[in-house]
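Everything on this sheet refers to the single structure shown next.
Please treat every number below as a calculation from the coordinates, not as lab data. Computed from a predicted model, the values in this text were never measured in an experiment. Cβ coordinates were reconstructed from backbone atoms using ideal geometry, including for glycine residues, and neighbour counts include every protein chain displayed.
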């Protein structure tokens, strides 16, 4: 059976990730973050900058991989 059209009337996606393009999926968010942290270290070799970059990436991951999906799920469940 083919996948239903997620944008059609009455269609409800199973998760927030069904609504996002390929470049905004959990795997791409994780890989991009890891590449940025690794690139920071490989280019600069300064632990204090890489630590700051890591904290910023961690906050980005928390927002987009934990808080945003939880808020979407709560909204879909009828919570407010």
Q.
Once you place label points 7 Å from the Cα toward the Cβ at residue 27 and residue 12, how far apart are they in nm?
A. 2.8
Q: Using every Cα-Cα pair within the chain, state what percent have a distance larger than 19 Å.
A: 52
Q. If each of residue 20 and residue 77 carries a label point 7 Å out from its Cα toward its Cβ, how far apart are those two points in nm?
A. 1.9
Q. Between the helical axis of 26-44 and the dominant principal axis of the chain, each derived from Cα atoms, what acute angle in degrees is found, rounded to the nearest 10?
A. 10
**Q.** Mean Cβ count within 10 Å, highest first, over the residues of peptides 36-46, 15-25
**A.** 36-46, 15-25
